[in-house]
Amino acid sequence: MKKSVYLLLGCLTSLFTFQCSPSTSTAEEEVPPQDEVVLSFAFLGCNRVSYGDRNNDSATNITTANLAQLKRIFEELSAMERKPELFFFLGDLVEGEKFDVTLERQLPAWFAQYNDPGFSPISQSGIELVAVPGNHEMLYYDSVGENAGDEFPLAGATDIWMEYALPYMPADRQAVGGPDSLDNRATFAFQRKNIGFVVMNTDTYNAPTEEHPKGLEGQAPVEWINAQITAYRENPEIDHVFVLGHKPYIVEGKPDTTHKGFADGGPIWETMQAQRAIAMLSAHEHNYNREQPDSTGGSYQVIAGNAGSKLTCSSSPACTYFGYSLIYVYESGNVELKSYGWDSPSPYYAVSTAPTTLRDSTELTWTPNANPFIP
């Protein structure tokens, strides 16, 4: 009886503040806290058209970009309700790969196109562009002699890249030091929130030698990259590490040090696994693919080379669409990958009327994760 009286008095007292409750709420009745996004970023690469299609005015202009797909990517990312803070363009912005004068024409035209608000609303959106070079910016294609069809380091390419891409590299980045720093200016690292990003030029210039008279493709400052991955993992402020570059080390489930992959990728991948880095994010292969090559779990290799270059495979659903990928990092520590895209038109540089749909979505767990793209 006494409890009932006290309860009634409590209800009357709190009537105008709407605080009356006959019992304490249970755990089941409480609304769980929302898992907020700490930071999100987009990544993609390979938008340039093939050499033989460059004369088609509907395909490209001096930028050599697949304009229809590039414009759509820019528009859709900038229109998102929750815009990504960062946008990594992982190489092969332009066709390049001929002579330094070719790169000197195409690169400034590409960045001018990016800064045209009529074509590129993303440039006015507040999303930070981080430009990363690919082999088409760093190498040249040898068309004569016994090396016909191979690619080699292009002298002067790093200087040209830095001349035009420098405004699209984080001002607070950590640069590679030492005697080879000039060749490594396009490799750097930076932190955003609780995330460390290690960005690689996977075709760092190396001078000809007697053993390799034209130099070697697929080179990078491995020791510095590995030291930076380790330093980030030892930093109590950083919970997640991503390694980004144009060329992937894991291709179709296996390490690849040929032109399809990354010659210097082996020791970097070992460090990523040892330090529990989340993923290596790359392009180069003209398709989308997500892999976790260690069957017991571990780091991921995500290829997002489906930004507009002619798709080069047909055996997987991931080979049929253009688009972009995003990663969301949550307060809980969860890391989510989403890949969006639209069916490739015919010809591939035409405007596509197909809708943009979610093509892949998963949490990037350290434990084994099923992959729908590799049987």
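The values are calculated or read from the model by the stated rules, or taken from the named source; none is laboratory data. Quantities reported herein were computed from a predicted structural model and do not represent experimental measurements. Positions of Cβ are generated from backbone atoms using ideal geometry, with glycine treated the same way; all protein chains shown enter the neighbour counts. For accessibility, only protein heavy atoms count, side chains too; no ligands or nucleic acids. Shrake-Rupley method; radii C 1.70, N 1.55, O 1.52, S 1.80 Å.
Roughly how many Å² of residue 322 are accessible to a 1.4 Å probe, to the nearest 10?
Solvent-accessible area, nearest 10 Å²: 0 Å².
Carbon and sulfur atoms: what percent of the 1.4 Å accessible area of the chain do they account for?
Ligands and nucleic acids excluded, carbon and sulfur reach 53 percent.
Nearest 5 percent is fine: what portion of the DSSP beta bridges confined to the chain is antiparallel?
65
Can you compute the equivalent ellipsoid semi-axes for the chain, i.e. the square root of 5 times each eigenvalue of the Cα gyration tensor, sorted largest first and rounded to whole Å?
Calculated on Cα positions only, the semi-axes equal 44, 24, 20 Å.
Could you do me a favour and compute the accessible area per residue for region 175-217, 1.4 Å probe, result in Å²?
So region 175-217 comes to 46 Å² accessible per residue, rounded to a whole number.
Could you check how many percent of all C-alpha pairs in region 186-289 are farther apart than 17 Å?
Here the tail beyond 17 Å accounts for 51 percent of pairs.
Tell me, what is the percent relative contact order of region 219-278, built from C-alpha pairs under 8 Å that lie six or more residues apart?
40
Quick one: Kirkwood hydrodynamic radius for region 53-108, alpha-carbon pairs, angstrom, one decimal?
12.9
What accessible area per residue comes out for region 44-126, rounded to a whole number of Å², with a 1.4 Å probe?
On a per-residue basis, 39 Å².
Ratio of alpha-carbon Rg to the 2.2 N^0.38 Å globular estimate for region 132-191, to two decimals, please.
Cα-based Rg divided by the globular estimate yields 1.33.
Would you give the gap between the C-alpha center of region 289-355 and the C-alpha center of region 228-249, rounded to a whole Å?
Comparing the Cα centres of region 289-355 and region 228-249, I get a distance of 21 Å.
Quick check: the angle from helix 2-13's long axis to the longest principal axis of the chain, C-alpha only, nearest 10 degrees?
60
Using a Gaussian network model on the chain with a 10 Å cutoff between Cα atoms, which of 34, 174, 124 fluctuates the most?
For the chain, modelled as a Gaussian network with Cα springs under 10 Å, the answer is 34.
With N set to the residue count of region 42-162, report its C-alpha Rg divided by 2.2 N^0.38 Å to two decimal places.
1.11
For region 173-182, what does the Karplus curve 6.51 cos²θ - 1.76 cosθ + 1.60, with θ = phi - 60°, yield as ³J(HN,Hα) per residue in whole Hz, taken in order and with x for Gly and Pro?
6, 9, 9, 6, x, x, x, 9, 5, 5
For labels at residue 275 and residue 166 in the simple 7 Å Cα→Cβ model, what's the distance in nm?
Modelled inter-label distance: 2.8 nm.
Taking amide hydrogens as modeled 1.01 Å from N in the peptide plane, which residues meet the under 5 Å criterion relative to residue 156, leaving out close sequence neighbours?
Sorted by chain and number, the residues that satisfy this come to none at all.
Can you give me the orientation-averaged projected area of the convex hull built on the Cα atoms of region 205-247, in nm²?
3.8
At most 14 other Cβ atoms within 10 Å and a DSSP loop assignment: could you name the GluC sites (Glu not before Pro) in region 208-304 that fit?
Listed in order of number, the matching sites are 210, 211, 237.
So how far apart, in nm, are the two label points at residue 353 and residue 147 if each is 7 Å from Cα heading toward Cβ?
4.9
Running Debye on region 256-375 with equal point scatterers at the Cα sites and no solvent, what base-10 log of I(q)/I(0) appears at q = 0.15, 0.19 Å⁻¹?
-0.72, -1.08
Would you check the accessible area of residue 310, probe 1.4 Å, heavy atoms only, in square angstrom rounded to 10?
For residue 310, the solvent-accessible surface is approximately 110 Å².
Return the loop-located trypsin sites (Lys or Arg not before Pro) in region 78-167 (DSSP other than H, G, I, E, B) with at most 10 other Cβ atoms within 10 Å of their own Cβ; answer none if there are none.
Those that pass, being in a loop and sparsely packed, are 82.
Could you compute how fast region 100-251 diffuses translationally, taking Rh as the Kirkwood radius over C-alpha pairs and applying Stokes-Einstein at 4 °C with viscosity 1.567 mPa s? Give it in µm² per second.
Diffusion coefficient, whole number: 77 µm²/s.
I'd like the Karplus ³J(HN,Hα) series for region 67-79: coefficients 6.51, -1.76, 1.60, θ = phi - 60°, whole numbers in Hz, and an x wherever there's a Gly or Pro.
So the J values, rounded to whole Hz, are 4, 4, 6, 5, 4, 5, 4, 4, 5, 6, 5, 6, 8.
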